[in-house]
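Below is one structure, written out as structure tokens; the observations come after it.
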Amino acid sequence: MRILAILAAVCAAAIHCSGCARSAPPAFDGASAFAFLKEQCDMGPRYPGSPGHAAIRRFLVEKLAAFGASVAQQPFEAVLSTGDTLRLVNIVGAYRPDARKRILLGAHYDTRPRADRDPDPANRARPIIGANDGGSGVAVLLELARLLAASKPSVGVDLVFFDGEDSGEEGKAMDYLLGSRRYAKSLGGSPPYAVIVIDMVGERDSRIPVEGFSAAASPALCARIYGIARTLRVPNLVQSRGSSIIDDHLPFIQAGIPAIDLIDFEYRYWHTLADTPDKCSSESLAAVGSVLVRYLWEER
Ligand SMILES: [Zn+2]
């Protein structure tokens, strides 16, 4: 029995050592993520062409560089159905840039140029602050970048900040998802093996069911992420089917890449001037962030 016990200990050490290149999963800090959300809102509205848009582009590049990422920018122009041309930039922070096996975590950083769902018609031409719609996904990704500066999972991670998600007129689908469509098209022969988009994940007491397109196209990735939420007892990720939402995961699904969208679409302040930081919480950001940390550090 003694020998068996010693053998078991040696085996356990060997198994443990095979993962030596990978460090232990860090703790996601919801308060730190919430500070990133507020910093964005302090820049004002961040729609393409606005001063806030220029400010957040600089902010993202500076933060990602400070957090040790390999930073790349993908500038491009997009023509809307109105004939307007938008000058847009996707921003990427890569960790372990040489790793072949890569996970893409994405969020849009632009905010909507008009509050067309605001209850007051006088507000509907005004731009939103986008604390939840825009700010929350970026906040979670920046907190992940802060963690990745100190500790790496064994897979490569690309944090992708999409531009031009939210400038379209309702009903004109081709005017949305400009950054993610551009990025998916540029992937070429080395696509990520999984894509997780986060959007509107910051509302207090958030409730994130399994988004419809994600469930249909990427059931294994959905099962994995919601399984982790169950294991971690994160109640915000609800194990039921939600509605199907046009979002930045779709261009990747259309490219044949497993992709899902974590989104709480039941947000009463959506596309209104009231989408402000007081509607959001550090706990909701940490709920999604802790699931993503566990996922990244479990992959190999
Ligand atoms: Zn939106």
Flag if Gly134 is at pLDDT 95 or above, surrounded by 24 or more Cβ atoms within 10 Å (Cβ to Cβ), away from the ligand (no atom under 12 Å from the Cβ) and of a type outside the set (A, V, I, L, M): no
All positions within the stretch 46-100 that are among the acidic types (Asp, Glu) and either surrounded by 13 or more Cβ atoms within 10 Å (Cβ to Cβ) or under 19 Å from Gly164 (Cα atoms) (or both): Glu77, Asp84
Inter-residue pairs, beta-carbon under 7 Å, first in a strand (DSSP E or B) and in the stretch 278-300, second basic (Lys, Arg), 6+ apart: Cys280/Arg204
Which numbered condition Leu187 fails, given (1) more than 16 Å from the ligand (Cβ to nearest atom); (2) without any contact (Cβ under 8 Å) to a residue 60 or more places away in the chain: (2)
Cβ-Cβ under 7 Å pairs, at least 6 apart or on other chains, the stretch 192-204 side more than 11 Å from Asp247 (Cα to Cα), far side away from the ligand (no atom under 13 Å from the Cβ) and of a type in the set (D, E, K, R): Pro192/Arg102; Pro192/Asp158; Tyr193/Lys101; Tyr193/Arg102; Glu203/Lys279; Arg204/Lys279
Subset of the stretch 208-257 (residues that are in contact with a strand residue (DSSP E or B) (Cβ under 8 Å, 6 or more places away or on another chain) and charged (D, E, K, R)): Glu211, Arg230, Arg241, Asp247, Asp248
The stretch 147-184, subset more than 27 Å from Pro48 (Cα to Cα) and aliphatic (A, V, I, L, M), residue farthest from the ligand (Cβ to nearest atom): Ala150
Residue within the stretch 205-213 that is farther than 18 Å from Val71 by Cα, touching a Lys or Arg at 6+ places or on another chain (Cβ under 9 Å), among the β-branched types (Val, Ile, Thr) and within 13 Å of the ligand (Cβ to nearest atom) present: no
Test for Asp166: is it of a type outside the set (Gly, Ala, Ser), touching a His at 6+ places or on another chain (Cβ under 9 Å) and either surrounded by fewer than 23 Cβ atoms within 10 Å (Cβ to Cβ) or touching a residue at least 24 places away in the same chain (Cβ under 8 Å) (or both): yes
Top-ranked residue in the stretch 59-93 [being of a type in the set (A, V, I, L, M, F, W, C), in a strand (DSSP E or B) and out of contact with any helix residue (DSSP H, G or I) (no Cβ under 9 Å at 6 or more places or on another chain); ranked as nearest to Ala173 (Cα to Cα)]: Val79
Every residue from the stretch 74-119 that is away from the ligand (no atom under 16 Å from the Cβ), touching a residue at least 12 places away in the same chain (Cβ under 8 Å), over 30 Å from Arg146 (Cα atoms) and not aliphatic (A, V, I, L, M): Ser81, Thr82, Pro119
Verdict on Pro45 being under 28 Å from Glu283 (Cα atoms), touching a residue at least 60 places away in the same chain (Cβ under 8 Å), away from the ligand (no atom under 16 Å from the Cβ) and in contact with a Ser or Thr (Cβ under 6 Å, 6 or more places away or on another chain): no
Among the candidates Ser244, Ser240, Ser214, Ser218, residue that is under 17 Å from Val195 (Cβ atoms) and surrounded by fewer than 20 Cβ atoms within 10 Å (Cβ to Cβ): Ser244
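The values are calculated or read from the model by the stated rules, or taken from the named source; none is laboratory data. The structure presented is a predicted model; accordingly, all values stated were derived computationally and were not measured. Cβ atoms come from the backbone with ideal geometry, glycine included; neighbour counts cover every protein chain shown.
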